[in-house]
Amino acid sequence: MSATSRRDVLIGAAVASLAIARPAAASDSDQLRSLLALERSLAGAYEAALARGAIEPALGELLLGHEREHIRGLEQALGRKGPQATAPAPKVGIDFASRQAFARSALQLERTTVDTYQEVLTTFHNDRLTGPLGSIMACGAQHEVALRQVLGEDLL
């Protein structure tokens, strides 16, 4: 099995776990909404980058697909049914001037998102969701690696 298909299987398992878990308690729900907002920002950034040619299409589609799965899983964990609003427009601070500029901006947003997952997981109460949230966090870290490769950064 290739690295990409293993990753896709893990993401699918994480989303499925989020889907079967019962809706979260109020404080957990607040944290899930915070994560959902970040995931929507990432999806919006990747959508805009693809439309503007600011990311290599195959990588952009892969990362956007992951973000959409994360959004779907978080929405299901929050107990929302049916289609949800599309991702909001990317926030100020995303630079679409070039692929390198976008990669730097997206890397910063991915880092913020991974850090937020880490913070959430230290106080989260719903044990059924900690594993899936950890898997999504790990996927975000993989996105960071892909973006660092775009930037030509040494990963060692």
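What follows draws every value from the coordinates through simple rules; no lab data is involved. Nothing here was measured: the structure is a model prediction, and the numbers come from that model. So basically every Cβ, Gly included, is an ideal-geometry build from the backbone, and we count neighbours across all protein chains shown.
By the scheme Lys and Arg +1, Asp and Glu -1, what is the net charge of all other residues having a beta-carbon under 12 Å from that of Arg104?
Charge balance in the 12 Å sphere: -1.
In terms of modelled amide H atoms, which long-range or inter-chain residues lie less than 5 Å from the amide H of Arg80?
Correct list: empty.
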